Amino acid sequence: MNIATRAKQLRKTAVRFVVNEVPAHLINAGYDAYSRIYKGQLSLGLPVAPELVITQDQIISNAIGKLALTLYHIFFRTTRMMIPREDIKAILHDELEKENIRLTEKVILLTKNELNHIVLSRLSIGKSYLLQIQNEAFRRNILKETLKSNFQPAYFESEVDEKEKNGRGDYETVYYQDFTGEGKEIKFRRMVSMEAVTAGDSNPSVILVPGFANNSDCFDLSNQYSIAKNLADRGRWIYLFDPRGVGVNRGRFDPYYTVDTLIDHDLPTVLNFISSRSRGKPSIILGHSMGGIVSENMMLNWGIRLDFDKLKLSDQKKKALDSALAPKNFARECIEMVKGIISLGSPKCFNKKSHVFFPSALWLNHFSRIFNFSQVPIHEISHLVTQLPVLKNITRFIYNNNIGDLNFLISPDNHKNDKYFIERYLDTATESIPLGLGFQFLKSVYDGKGFKRMDNSSLNYSNHFSFFPETIPLFHFWGGNDWLAPPKNMRYSKFYPHKIKKTYRIETVRDLKKVEIFPEQSQIIDFVIEGANHLDLLYGKTARELVHPLVEKIIDTIWADWSYSSKMQSVQAF
């Protein structure tokens, strides 16, 4: 390193210290001092105001209360008996403790057999009333069997984007809706190139899962910035997943749903829908940022279920996790639905001292309490800093110059021909998100020890990667300049059970030639994309020249020669 280069590096380090590290230290100190005044912030191990957190005990109490009230009216309507609600609550609580009934999400739904047991064995109601009680329970939608008949997956709209209008190709987007096991509606989209696929073909299905405070439009910002269309042009069936409350699911806003909700219910529902509708075709899942966290930890949960006896947790925490995880047969079936997972910039842990963004974000939980927010106002804040005249100029200067590494989204060199990219991205792809979702990330930022579940199990996903299914190939992309998901996260790869483990550092197109993707399922490969920031793994010169070609190579290799005919042959052989 010559003197000029060394001087430039020292100047850059000094600027970062002044404009980034010092403010980060001061904001962290201010946050800690304020939190000591409000000791309740730490009472649950979270940097969260207690009035904004609903505990598992409260969830159980609410679920039992709702079901008990419904059962009270059912019994009175059918038998004219007024059974005290407290008695019904006590029975439901006991059945839940004995694991005879199950809490999922925030509701308790009964099977017909479970209802029969409560009616005949616990309440000693005459058998002559049973059919009337069952019919009334069906009518009031408290039986799981009701969901199978009343809530059917559905296609409800489609649209065509024609080449004459977009100058690129003919694309069809179909809108679907399905329901989780508890009847929560989930909408999502399927995009295909009308020239590249045929109904019933064996081409890959790829599910795209967006990051924190993003909707699925982040994968299709425009013709220029669309990994969705890029993949569709190659004959992939693209499914665009949206979390609750954003994108095509906008308007159904639950302030308390968390990342665990997406992991346990929403993404598995979409995965199962695709597998069922495509007659057993598996999917490759690609997630950016939080999307990778959701995708990986969904698989991790299923792996934990299959080896649950090996899990080392206290009896109380293990019991809580056992009630949340899917049944073993379901987990095994779902693992078979996945051909591989690709995660772009998906962190395993956070360091609140590494960038001024993290302690600044922590203050959101205090502001949420002070201003009584029902959501974390990401979209409103981004609109403010990109639209108000003075703030707009400051924001534009920061992201086009990256003084002191303040720009935690893009590296300006990757977007030299588009000075307004960030403004369009924030306007199109970002949305405000529920408090529960935000607080789960704040918890991880605050303690810096990994990503943990919000239920009573407090399972630290980041400490249990050894349970990840070895048969699912896994590919991590890290931006060399990414402060939100730095390459240091690669240290977790050694804990995965995969037999083949590789790391590639990619700086130029020439480096792509040395990359080897293996046909074996048991592989985990880390790619460090030099010079890339958090969004550069999706957009810009680096994504176009380095990331997208690697993603295509991965899909081609792990999909290999899968076909409906080969699937039938393997089934017949079994």
For semi-axes √(5λ) of the Cα gyration tensor in Å, the listed values are (i) 90, 41, 32; (ii) 42, 30, 23; (iii) 125, 26, 19; which was obtained by calculation from the structure presented? (ii)
What is the order of 494, 184, 144, 66, fewest Cβ neighbours within 10 Å to most? 494, 66, 144, 184
Spelling out what I want: for every residue of the stretch 378-383, take phi, set θ = phi - 60°, compute 6.51 cos²θ - 1.76 cosθ + 1.60 (Karplus), and round to whole Hz; glycine and proline get x. 4, 5, 5, 5, 5, 5
Using amide H atoms built in the peptide plane, which far-off residues or other-chain residues are under 5 Å from residue 237 H to H? 205, 206
Cα convex hull volume per residue for the stretch 379-431 (Å³): 74
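Using the 10 angstrom Cβ neighbour count as an exposure proxy, how do 388, 306, 321 rank, fewest first? Walk me through the intermediate numbers first.
Details: 388 12, 306 15, 321 21.
The most exposed by this proxy come first: 388, 306, 321.
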Per-residue counts of other Cβ atoms within 10 Å, averaged by peptide: what ranking do you get for 352-358, 30-36, 211-217, highest first? 211-217, 352-358, 30-36
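What ranking of 360, 289, 411 emerges when the number of other C-beta atoms within 10 Å of each C-beta is taken as an exposure proxy, fewest first?
Ranked by crowding around the Cβ, least crowded first: 360, 411, 289.
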Pairs of lysines in the stretch 56-150 (C-alpha under 15 Å apart; 8 or more residues apart or interchain): 7
Non-local residues with an amide H under 5 Å from the amide H of residue 288, with H modelled 1.01 Å from N and Pro and chain starts lacking one, are 209, 211, 344
Using modelled backbone amide H atoms (1.01 Å from N, in-plane), which distant-in-sequence or interchain residues come within less than 5 Å of residue 503's amide H? 526
Ordering of 193-202, 477-486 by packing [mean C-beta count within 10 Å, highest first]: 477-486, 193-202
Quick one: 3J(HN,Hα) in Hz for the stretch 560-565, Karplus 6.51/-1.76/1.60 with θ = phi - 60°, rounded, Gly and Pro as x. 6, 9, 4, 7, 5, 5
For the stretch 538-547, in residue order, the Karplus 3J(HN,Hα) values (coefficients 6.51, -1.76, 1.60; θ = phi - 60°; whole Hz; Gly and Pro = x) are 10, 10, x, 4, 5, 4, 5, 8, 10, 6
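No value in this document is a laboratory result; all are computed from the given coordinates. Being a predicted model, the structure only gives us computed values, none of them experimental. FYI the Cβ positions are ideal-geometry reconstructions off the backbone, even for glycines, and counts take in every protein chain you see.
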